[in-house]
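Down below is the structure, laid out as structure tokens.
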Amino acid sequence: MNATRNDRSIAGDATHADDYAAVVARLVEDMGGEQTVLLPMLHALQEEFGYIDDLMVPAVASALNLSRADVHGVVTFYHDFRRRPLGRHRVRLCRAESCQARGAAAVERTATERLGLRMGETSPDGRVTLDAVYCLGLCATGPNAMIDDVPVSRIDPATLDRLLGDLMR
Amino acid sequence: MTRVYVSQDMAAVALGADAVAEALANAGADVVRTGSRGLFRLEPLVEVEMPEGRVGFGPVAAADAALVLDGSHPARLGDVAAVPFFARQQRFTFVRCGVIDPLSLDDYEAHGGWRGLAAARAMPPQAAIDAVKASGLRGRGGAGFPTGIKWQTVHDAPGSTKYVVCNADEGDSGTFADRLLMEGDPFCLIEGMAIAGHAVGAERGYIYIRSEYPFAIRTMREAIARAASIVAPFVLEVRVGAGAYVCGEETAMLDSIEGKRGEVRAKPPLPAIAGLFGRPTVINNVLSLAAVPFILSKGGEAYAAIGFGRSRGTMPVQLAGNVRNGGLFETGFGITLGELVMDIGGGTESGRPVKAVQVGGPLGAYFPPSMFDLPFDYEAFAAAGGLIGHAGITVFDDTVDMAHMARFAMEFCAHESCGKCTPCRIGSTRGVELIDRLIAGEDRAADAVERLPQMRNIARGTRPAEEEIELLRDLCDTMKFGSLCALGGFTPYPVLSALDHFPQDFGAAAAPISSAAAE
Ligand SMILES: Cc1cc2nc3c(=O)[nH]c(=O)nc-3n(C[C@H](O)[C@H](O)[C@H](O)COP(=O)(O)O)c2cc1C
Ligand code: SF4
Ligand code: FES
């Protein structure tokens, strides 16, 4: 989705401070500058840049009249906000009880072995991130995954192997 | 052109409904996308408009489009509403789900929509509150607090600015009813919120939806835009969560909407008195609010006419996990757990014996089949050491290791703790370690600190499993009574129920202690 932005960031290009300030200013025009828009704003920034760069924190803080500590505290509280870019693809495997009851552990094992990654890691080539998710609300047809933006139910190690193969091509 | 109905519910899409819909469109059908009827074994389900009415086929693969359209597909179900899983239900809240185009205002109106709002607006706010009180409706988010009384408190609270917040965080594993409703009948939730707004004097509402539900977010936003002029001057906005389970707790949710860390607030003050931005606020679960249009259009008594004891009306029960007929089963309270799991659910999908069911999500207790005669009722479940919660039932077969599930409950609590209180923040991590040692079957030797000469009041010897289990119970006690909210306070339910009902999974040491501690 944000492949080009991500690629740039992975390449170590960290001179985005002006970029960020401009985008934050645009968002404030849209959303207003009250503290209540902090989560929507962070979601929008992450949507646009792929992650919440530490350099965004001062820009957001001054736009919403908050301290940097306030913004940093929020960014680090919520599991969704990442401070590093994702891989180009993201595989999220459900780890919650109902999927466990249907064999999620075996699927997770296949994924970690096949990708050589632990949960939460991104492959060194930036191709794929493997993540856990705790319930997608598809609990009668697990094990479930989100592969990029596509939900997939009834995964077994064989289908997962095929899906991962598609991503790696 | 033949009209066909295919679900675009996230669960149906995860099972391939988009490809089926595309194949049908390519074959010349007029495809209407609906929500899901709620029996996932049948998805992707296709219903074809035929002279005798809507005829269902399911599950259907994309390659089967032609067979479906000429009516010869072997998975022909006939009238889907007559399939026993649906025929046995009593749908008050989910009548339209899976039947209509979720975003069609015409469909909604033709199927009874907006009548509750019209009725409410024709009466003074107090009369609308009285109708909800008469229905006996209790909060469907978990705690079961009477909705009418909550609304009364907000109504009576001084102040001209009030809010309605819909809790659509649905973080519990084994639950998906909120999602189904938001994707399949979003106007119903909007109508319920507008009625709440009228009743308590609020002109603004927020729907806080978890980020794991992208389909529901999209559908709700579009529905809000389409219904804006109908519910005006009431204004609605979707807020998207950010992956924190604890934000389902109502005060953490308020902080999250305000733009803060989702930390639980101490009560009092109740949100009904000082909630969002310090104003009187109704916070209700999706299912509580979505039950309201029925109550206002048909009358509180019609809703209260079915049910069990003090649990009135219907509950959208969700059958999940290793179960054959997984899905949404809306029914009056009082049905037994065994009927739900065995008769309606059909037992496990794996075909193996049921070993345990967890009711009410990650904070709910595990029950063995020997307790299947429990009636589905708030009080009966509380008396049995559990809770109904959001009415998700997760079924496990005999391959599950209950010590592992107890460990998972502690691990989940540690992962999701907001960090405000010690028993939850630290206790959950100590709980994981304790259960790990029990699983490993290793006696725990005293550590370096415990061996220090100044540590006088401490056991220095090796701690055998019996003592570890006693310590685990003690820890659960501390979490239960020392936590500010139900995340830390209820995590002991799955842990202790696993230990009490399945001691064999915790090693030989568990059995005698559990009977001694039970008295
Ligand atoms: C950790 C935790 C998570 C919760 N998650 C939810 C949830 O996802 N959805 C919900 O409606 N209520 C949830 N609740 C319950 C809410 O705090 C609150 O009781 C509920 O939203 C009130 O609405 P109701 O009266 O309509 O049930 C949760 C509570 C706790 C302690
Ligand atoms: S019990 Fe846990 S989640 Fe609840 S307030 Fe305390 S630390 Fe936060
Ligand atoms: S537990 Fe995996 S989708 Fe709900």
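Of the residues that make up region B:490-498, is at least one within 14 Å of chain A (Cβ to nearest Cβ), within 13 Å of ligand 2 (Cβ to nearest atom), within 30 Å of residue B:244 (Cβ to Cβ) and in contact with a Cys (Cβ under 6 Å, 6 or more places away or on another chain)? Looking for residues that are within 14 Å of chain A (Cβ to nearest Cβ), within 13 Å of ligand 2 (Cβ to nearest atom), within 30 Å of residue B:244 (Cβ to Cβ) and in contact with a Cys (Cβ under 6 Å, 6 or more places away or on another chain), one finds at least one in region B:490-498, hence yes. Screening region A:76-103 for residues that are within 16 Å of ligand 2 (Cβ to nearest atom) and facing chain B (nearest Cβ under 7 Å) and picking the one that is nearest to the chain's Cα centre (by Cα) gives A:79.
The set of residues in region A:150-169 being in a loop (DSSP other than H, G, I, E, B) and more than 8 Å from every other protein chain (Cβ to nearest Cβ) consists of A:155, A:156, A:169. Looking across region A:109-149, the residues that are part of a loop (DSSP other than H, G, I, E, B), more than 9 Å from chain B (Cβ to nearest Cβ) and either in contact with an Asp or Glu (Cβ under 7 Å, 6 or more places away or on another chain) or near ligand 3 (Cβ under 10 Å from one of its atoms) (or both) come down to A:119, A:120, A:143.
Condition check for residue B:174 on (1) touching a Leu at 6+ places or on another chain (Cβ under 9 Å); (2) away from ligand 3 (no atom under 16 Å from the Cβ): one failure, at (2).
On the stretch given as region B:146-188, residues that are of a type in the set (Asp, Glu) and more than 16 Å from ligand 1 (Cβ to nearest atom) total 3. Here the condition is being of a type in the set (Lys, Arg) and closer than 24 Å to residue B:33 by Cβ; of B:265, B:239, B:204, B:221, it holds for B:221 alone.
Just one of the listed residues (A:115, A:66) is assigned by TED's automatic domain parsing to the domain that holds residue A:26 and of a type outside the set (Gly, Ala, Ser), namely A:66. Of the set (1) away from ligand 3 (no atom under 16 Å from the Cβ); (2) touching a Pro at 6+ places or on another chain (Cβ under 6 Å); (3) in a helix (DSSP H, G or I), all apply to residue B:433 but (2). Among the residues of region B:277-287, the ones that are within 14 Å of chain A (Cβ to nearest Cβ), hydrophobic (A, V, I, L, M, F, W, C) and either under 10 Å from residue B:205 (Cα atoms) or more than 23 Å from the chain's Cα centre (by Cα) (or both) come to 1 in all.
Applying the condition of being in contact with a strand residue (DSSP E or B) (Cβ under 9 Å, 6 or more places away or on another chain) and within 16 Å of ligand 1 (Cβ to nearest atom) to region B:457-494 and asking which residue is farthest from residue B:432 (Cα to Cα) yields B:493.
If you check B:173, B:211 for being within 14 Å of chain A (Cβ to nearest Cβ), surrounded by fewer than 24 Cβ atoms within 10 Å (Cβ to Cβ) and not β-branched (Val, Ile, Thr), only one passes: B:211. Count of region B:349-385 residues, restricted to those that are within 12 Å of chain A (Cβ to nearest Cβ), surrounded by fewer than 24 Cβ atoms within 10 Å (Cβ to Cβ), in a loop (DSSP other than H, G, I, E, B) and touching a helix residue (DSSP H, G or I) at 6+ places or on another chain (Cβ under 9 Å), is 1. For region B:42-58, the condition holds for no residue, the condition being that it is touching a residue at least 60 places away in the same chain (Cβ under 8 Å), of a type in the set (D, E, K, R), within 28 Å of residue A:155 (Cα to Cα) and not in a loop (DSSP other than H, G, I, E, B). A single member of B:388, B:439 is modelled with pLDDT under 95 and either under 28 Å from residue B:482 (Cα atoms) or part of a strand (DSSP E or B) (or both), and it is B:439. Among the helices (runs of 4 or more DSSP H) confined to region B:234-312, the ones with at least 2 residues that are within 21 Å of residue B:217 (Cα to Cα) are located at B:250-258, B:286-298. Based on what the data block shows, is residue A:28 within 9 Å of chain B (Cβ to nearest Cβ) and either assigned to a helix (DSSP H, G or I) or closer than 19 Å to residue B:244 by Cβ (or both)? Against the criterion (within 9 Å of chain B (Cβ to nearest Cβ) and either assigned to a helix (DSSP H, G or I) or closer than 19 Å to residue B:244 by Cβ (or both)), residue A:28 does not qualify. When you look at residue A:37, is it more than 10 Å from chain B (Cβ to nearest Cβ), on the phi < 0 side of the Ramachandran plot and either assigned to a strand (DSSP E or B) or at pLDDT 95 or above (or both), yes or no? When the stated conditions are applied, residue A:37 does not pass them.
Going through (1) surrounded by 17 or more Cβ atoms within 10 Å (Cβ to Cβ); (2) within 14 Å of chain A (Cβ to nearest Cβ) one by one, residue B:335 falls short only on (2). Do we find that residue B:239 is within 13 Å of chain A (Cβ to nearest Cβ) and farther than 24 Å from residue A:150 by Cβ in this structure? In short, yes. Listed conditions (1) out of contact with any strand residue (DSSP E or B) (no Cβ under 9 Å at 6 or more places or on another chain); (2) modelled with pLDDT of 95 or more are all met by residue A:22, apart from (2). Is there a residue in region B:406-420 that is away from every other protein chain (no Cβ under 14 Å), crowded, with 20+ Cβ neighbours inside 10 Å and either in a loop (DSSP other than H, G, I, E, B) or away from ligand 2 (no atom under 16 Å from the Cβ) (or both)? No, because not a single residue in region B:406-420 is away from every other protein chain (no Cβ under 14 Å), crowded, with 20+ Cβ neighbours inside 10 Å and either in a loop (DSSP other than H, G, I, E, B) or away from ligand 2 (no atom under 16 Å from the Cβ) (or both).
Yes or no: residue A:106 more than 29 Å from residue B:419 (Cβ to Cβ), more than 20 Å from the chain's Cα centre (by Cα) and either away from ligand 1 (no atom under 16 Å from the Cβ) or away from every other protein chain (no Cβ under 13 Å) (or both)? Spelling it out, residue A:106 is indeed more than 29 Å from residue B:419 (Cβ to Cβ), more than 20 Å from the chain's Cα centre (by Cα) and either away from ligand 1 (no atom under 16 Å from the Cβ) or away from every other protein chain (no Cβ under 13 Å) (or both).
Residues that are within 13 Å of chain A (Cβ to nearest Cβ) and either modelled with pLDDT under 95 or away from ligand 2 (no atom under 16 Å from the Cβ) (or both) were ranked within region B:134-170; the one that is nearest to residue A:138 (Cα to Cα) is B:170. Residue A:73 meets the conditions (1) under 22 Å from residue B:245 (Cβ atoms); (2) more than 10 Å from every other protein chain (Cβ to nearest Cβ); (3) not hydroxyl-bearing (Ser, Thr, Tyr) in every case but one. The failed one is (2).
The values are calculated or read from the model by the stated rules, or taken from the named source; none is laboratory data. Predicted model only: the values in this text are computed from it and were never measured. FYI the Cβ positions are ideal-geometry reconstructions off the backbone, even for glycines, and counts take in every protein chain you see.
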